[in-house]
Amino acid sequence: MVTIPAHIAAILEQVFDPEVPVLSILDLGIVRSVEDRDGQLKIIITPTYSGCPAMQTIATMIRLELSTHGFQHIIIEEQLSPAWTTDWMTESGKRKLQEYGIAPPQYSTKNNPTNYLEVVVPCPQCSSSHTELISQFGSTSCKALYRCLDCKEPFDYFKCH
Ligand SMILES: [Zn+2]
């Protein structure tokens, strides 16, 4: 469990994932720790996958948001191990994903079926579980493309990993 000082959490809640703009970095669970020593901040973040080009953007956005709230001394470090997993995504983050039209991860990494045929992904539009996989890779490699057999709409599924 990650504890972030409430006054900092309120600010970081306003920093959004550039790839899924409805998710804050706290929803994603990439902020691993925040230390506030008399206004000097040390923030540790774990990228959603290593070499993620969005991380540089996210670090810059964190600095900008904190500096508009008066924080000038900010150290941001990346921690690659343990690797980020979709298990770190918050429940409210999963709800926001669904409202955005992306099916959130349906399993934890511990009980995620290895055979994709056993994976049941409900449609984010109509909640039907009558859906089929179209492609293992959707708009980004962390998503798969599905189609709902009831409302016929295609949608992205944020895969467990
Ligand atoms: Zn549907």
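The values are calculated or read from the model by the stated rules, or taken from the named source; none is laboratory data. Nothing here was measured: the structure is a model prediction, and the numbers come from that model. Cβ: placed from backbone, ideal geometry, glycine included. Neighbour counts: every protein chain shown. In case anyone asks, the SASA skips ligands and DNA or RNA and just uses the protein heavy atoms, side chains included. Shrake-Rupley method; radii C 1.70, N 1.55, O 1.52, S 1.80 Å.
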query = If each of Thr3 and Gln125 carries a label point 7 Å out from its Cα toward its Cβ, how far apart are those two points in nm?
reply = 4.5
key: the chain, accessible area per residue, ligands and nucleic acids excluded (1.4 Å, Å²)   = 54
ask   = How big is the equivalent ellipsoid of the stretch 45-125 along its three axes, where each semi-axis is √(5λ) from the Cα gyration tensor, reported in whole Å from largest to smallest?
value = 31, 17, 10
task = For helix 54-68, report the angle its Cα long axis makes with the longest principal axis of the Cα atoms of the chain; keep it between 0 and 90° and round to the nearest 10°.
result = 40
key: Distance histogram for the stretch 6-84 (every C-alpha pair counted, 5 angstrom bins, percent rounded to whole numbers)   = 3, 15, 30, 28, 16, 7, 1
task = Report the one residue of Gly29, Val119, Ile8 whose Cα lies farthest in the direction of the positive end of the charge dipole of the chain (charges on C-beta: Lys and Arg +1, Asp and Glu -1; origin at the Cα centre).
result = Val119
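Please work out the ratio of the alpha-carbon Rg of the chain to 2.2 N^0.38 Å and round it to two decimals.
Computed over Cα atoms of the chain, the ratio equals 1.13.
Relative contact order for the chain using alpha-carbon pairs under 8 Å, separation at least 6, rounded to a whole percent?
The normalised contact order for the chain reaches 18 percent.
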message = What are the extents of the Cα atoms of the stretch 90-158 along their three principal axes, in Å, largest first?
response = 31, 27, 22
query = For the stretch 90-158, how many pairs of lysine residues have a Cα-Cα distance under 20 Å, where the two are 8 or more positions apart or belong to different chains?
reply = 5
Rounded Å value of the spacing that divides the Cα centres of the stretch 10-42 and the stretch 91-149 = 25
message = How tilted is helix 91-100 with respect to the longest principal axis of the chain? Cα atoms for both, answer in degrees (0 to 90, nearest 10).
response = 60
